[in-house]
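Here the structure comes first, spelled out in structure tokens, and everything after it is commentary.
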Amino acid sequence: ALLDSFPFMVWLKDEDSRLLAVNAPYAHACGHDSPETLIGLTDMDLWPRDLAESYQADDRKVLLSGKENYVEEPIEKNGHRAWHETYKSPVTLDGKVIGTVGFARDVTDRIQAREALENERTFLKTLIRTIPDLVWLKDPQGVYLACNPRFERLYGVPEAELIGRTDYEFVDKKLADFFRANDLAAIAVGRPRANEEWLTFASDGHRELCETTKTPMFDAGGRLIGVLGIAHDITAARQAQTALDESNQRRRQLMDLSRDGIAIINQDHWIVEANKRFAEMLGYGEGELLGLRTWDYEADLDEATV
């Protein structure tokens, strides 16, 4: 009755791996209704040959070593795959090993959950490592927990050497204080926060202007677990914008120096830009022509031309 009350399989074997006692869960797992029908049988009588040989090898290992044995192993029977956590121990009498006792519980749900978690971690790690931006994760105290290869080049060390350290060990105090202040600012607002910063890469010495977004991360219970950072290189975009602004400024200067009236009109006949001379010709102040259509000033233009 005690054996049958256990929710997992329990058995006792002699030195030849013959069953001396089993409980109801063990019998049911073997496809038998009554534990008594299994007494005297071996694993070869109950399980597929490869599985039975594995069980008997474990028995011999326990008998010879006199030590406990613990394994997690998959079991396939009738097309169903399950995982069992199995524990075996030698049974002694007057100092002599006379057999083995063991129990096994179905841990399929636990194994599947663990595999799912490992798969998810592998997926996330692969995703982070393939992102072309700098990606890193710190704990609430600013200690690094993870990073991707692009970030490794920033500080010139592999991820394994970065984990457990802080910015103060890689850059000067002023810059480390700046990084830490932005971490704390993101934590304070409780949502993503962006800033721009120049980063110098220790791997080759080049500099990049990055738009950095830092996001506080919370667990399911709402507890802060760290700050995720992503830095995107905007150097080329900023240089292009600066060049465009300078070009527009030069163009505007040339237009204003012209003694002719000049206006830029789009396909819908709106004035999008006009120089000072064009406005003077129509009697408008500088900037007043913007947003007008051609028919709004054509009469003034005819009169000015005359």
Take VAL143 and HIS28, extend 7 Å from each Cα along the Cα→Cβ direction, and tell me the distance between the two endpoints in nm. 4.7
Report, ordered by chain and residue number, the lysines lying within cross-link reach of LYS138, taken as a straight Cα distance under 23 Å and ignoring same-chain residues fewer than 8 apart. LYS125, LYS173, LYS174, LYS214
Which residue fluctuates most in the GNM of the chain (Cα springs below 10 Å): LEU93, LEU41, LEU162? LEU93
For ARG251 and SER203, FRET efficiency with R0 = 51 Å and r from the beta-carbon atoms, rounded to 0.05? 0.80
For the range 10-29 and the range 249-274, compute the distance between their C-alpha centroids and round to whole Å. 96
Longest principal axis of the chain (C-alpha) makes with the long axis of helix 108-130 (C-alpha) an angle, in degrees to the nearest 10, of 30
Distance in nm between pseudo-label sites at VAL272 and ALA185 (7 Å out along the Cβ direction from Cα): 3.5
From DSSP H assignment alone, runs of 4+ in the chain each adding -39500 (n - 2.57), the sum over residues rounded to the nearest 500 puts [θ] at 222 nm at -12500 deg cm²/dmol
Among the lysines, which have Cα under 24 Å from the Cα of LYS96 when same-chain residues fewer than 8 positions away are ignored? LYS13, LYS61, LYS67, LYS88
Calculate, for LEU117 and GLU286, the FRET efficiency according to 1/(1 + (r/R0)^6) with r their C-beta to C-beta distance and R0 51 Å; round to the nearest 0.05. 0.15
Mind checking which of LYS276, LYS61, LYS13 has the largest fluctuation in a GNM of the chain, springs on alpha carbons under 10 Å? LYS276
GNM top mover of ARG121, ARG223, ARG180 - the chain, alpha-carbon springs below 10 Å: ARG223
Quick P(r) readout (the range 214-271; Cα-Cα; 5 Å bins; whole %) gives 4, 13, 10, 11, 11, 8, 8, 7, 7, 6, 7, 5, 2, 1, 0
Would you please report the Å³ per residue occupied by the convex hull of the alpha carbon atoms in the chain? 292
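With r as the distance between the Cβ atoms of ASP109 and TYR168 and R0 = 41 Å, compute the FRET efficiency 1/(1 + (r/R0)^6) and round to 0.05.
Numbers: r = 45 Å, r/R0 = 1.09.
E(calc), rounded to 0.05, equals 0.40.
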Could you run the Debye sum over the Cα atoms of the range 109-230, one equal point scatterer each and no solvent, and tell me log10 of I(q)/I(0) at q = 0.13, 0.19, 0.20, 0.21 Å⁻¹, two decimals? -0.55, -1.12, -1.22, -1.33
Note the angle between two axes, namely the Cα long axis of helix 49-65 and the longest principal axis of the Cα atoms of the chain, as a number of degrees from 0 to 90, rounded to the nearest 10. 70
The range 1-155 -> Rg/Rh from Cα coords, Kirkwood Rh, value 1.22
Per residue solvent-accessible surface (Å²) - the range 26-96, probe of 1.4 Å: 60
Compute the label zone of VAL101 within the range 1-23: residues whose backbone N is under 16 Å from the point 7 Å along Cα-to-Cβ. 1-15, 19-23
Between 0 and 90 degrees, rounded to the nearest ten: what's the tilt of helix 235-257 against the longest Cα principal axis of the chain? 10
Would you calculate the separation in nanometres between label points at ARG223 and ARG18, each defined as 7 Å from the Cα along the Cα-to-beta-carbon direction? 5.6
Which one of ALA52, ASN148, GLY40 is farthest out on the positive end of the charge dipole of the range 37-192, using unit charges on Cβ (Lys, Arg +1; Asp, Glu -1) and the Cα centre as origin? ASN148
Quick one: putting +1 on the C-beta of Lys and Arg, -1 on the C-beta of Asp and Glu, what dipole do you get for the chain around its Cα centre, in Debye to the nearest 20? 780
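The values are calculated or read from the model by the stated rules, or taken from the named source; none is laboratory data. None of these values were measured; they are calculated from a predicted model. FYI the Cβ positions are ideal-geometry reconstructions off the backbone, even for glycines, and counts take in every protein chain you see. The protein model used for the area step is the full one, side chains on, heavy atoms only, and it has no ligands, DNA or RNA in it. Shrake-Rupley method; radii C 1.70, N 1.55, O 1.52, S 1.80 Å.
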